[in-house]
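Worksheet: one structure, shown below.
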Amino acid sequence: MTQLLSDEQVDHYHRDGYLVIPDFASAAACTELREAAEAIVDEFVPSAQRTVFTTDEQVRVSNDEFLASGSGIWCFFEQGAFDGDGRLTTSKALGINKIGHAMHDLHPVFRRFSYTADLAAVATDIGMVDPLALQSMYIFKQPHIGGEVSCHQDATFLYTDPITVTGFWFAIEDATLDNGCLWAAPGGHRTSLRTLFKRAGAPASGTKFDVLDSTALPRPPDDLVPLEVPAGTMVVLHGLLPHWSDVNRSPRSRHAYSLHCIDAAADYPSSNWLQRPPDRPLNRLAAA
C-alpha cells in the first residue's frame, strides 16, 4: 500500500498522540454524510426509554438500547433536551446528541465514507497492522445544548489487549472554540489507562467503571490545547490520548463523524460494552 502520510506527520502523531489532516474529506462527502444523518433522525421513532447520552453518567444510562446499539443504528438524546418533567423542550431534530454505533456497516452512505483506500493508508502509516472498523458515531453538538464530552481516553470504552483502538474524527462542519471543538493533551498518550468501562455481568446488569490508575486526567481546558479545524478535516486520535470537548453555547451546530478501529490481532474482551453478534463480524478497513 502506498504511504499517504509524510514521515513528519507520522512522527507528529507518535509524539503528540494526535494528528490533524486538513481537507481529508471533500465538501460533497461531508454534505452527503450530514444529509444521511439528518434522514436517520427524521425517521427515528423514540422508544419510551428515550435514551440520553452523557459521558459523565454513562453507568446510569446504560440501558438495553445502549448495549444493543453496537450492532445497530440508534439515536441518543442530549441531556439538555428535556425539562424537569421529562418533556422534550425542542424539536426531535435539535434534541439528538448522536447516532451510533454501526452505521459504517449498515448504512450505504456511512459505509462509503468509512471504507476508503486513503483512510486504510493512514491507519497503516501510523502503525496499525490489520485495522478493523469497530464503532461509528455521528455527533451533532446541537446549538446551545450540545453537551460537554468529559476528558477521557477512548481505550476506556473500547479496550483491547494490547491497546490498539484508534479514533478517526471527521469535522463535518467547522469546529471552533465557540461551538465545542476538540481539545487534546499533547503527549498524553504516553501514560497509563485510567479507567475501564465494561459490562457489569451477572447477577448485575448494565455497566460499571473499573479504576486502573487513580492518577487524574488533564484538567480542561488549562492542560489541553484546542483543535479548531474546518469542515473536511480528519483528526487521528491515539486510544490513550486524553481529549475533551466543551458545551456548545453558540447558535451553530458542530457536526462530526467518528470511526474507531482496532487491530485484528489484539484481544477484544467479552466484557467490553460494545459487542457484535457472530453473524455481524467486524470488517477490515480496506475491504468492505
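The values are calculated or read from the model by the stated rules, or taken from the named source; none is laboratory data. These numbers were taken from a predicted model, which means no experiment stands behind them. Note that each Cβ is placed from the backbone with ideal geometry, even for glycine, and that neighbours are counted across all protein chains shown.
A few notes on this one:
- Candidates are the residues of region 196-215 that are in contact (Cβ under 8 Å) with a residue 12 or more places away in the chain and of a type in the set (Gly, Ala, Ser); the one that is surrounded by the fewest Cβ atoms within 10 Å (Cβ to Cβ) is Ser214.
- Scan of region 1-25 for residues that are in contact (Cβ under 8 Å) with a residue 12 or more places away in the chain, farther than 14 Å from Ala185 by Cα and surrounded by fewer than 16 Cβ atoms within 10 Å (Cβ to Cβ), ordered by number: Met1, Thr2, Gln3, Pro22, Asp23
- Residue match in region 238-256 (condition: on the phi > 0 side of the Ramachandran plot and surrounded by 19 or more Cβ atoms within 10 Å (Cβ to Cβ)): no
- Among the residues of region 114-137, those that are of a type in the set (Val, Ile, Thr) and either part of a strand (DSSP E or B) or surrounded by fewer than 22 Cβ atoms within 10 Å (Cβ to Cβ) (or both) comprise Thr116, Thr124, Ile126, Val129.
- Residue ID - farthest from the chain's Cα centre (by Cα), chosen from residues in region 5-27 that are farther than 10 Å from Ile126 by Cα and in a loop (DSSP other than H, G, I, E, B): Ser6
- The condition of being surrounded by fewer than 23 Cβ atoms within 10 Å (Cβ to Cβ) and without any contact (Cβ under 8 Å) to a residue 40 or more places away in the chain holds for only one of Asp263, Asp267, Asp279, that being Asp279.
- Of the strands (runs of 3 or more DSSP E) that lie entirely inside region 138-215, those containing 2 or more residues that are aromatic (Phe, Trp, Tyr), at pLDDT 95 or above and closer than 22 Å to Cys261 by Cβ span 166-171.
- The residues listed here are Phe66, Phe44; of these, the one that is within 25 Å of Gly239 (Cβ to Cβ), modelled with pLDDT under 95 and hydrophobic (A, V, I, L, M, F, W, C) is Phe66.
- For region 148-159, filtering for residues that are buried (at least 21 other Cβ atoms within 10 Å of the Cβ), under 21 Å from Cys75 (Cβ atoms) and in contact with a Phe, Trp or Tyr (Cβ under 8 Å, 6 or more places away or on another chain) leaves 2.
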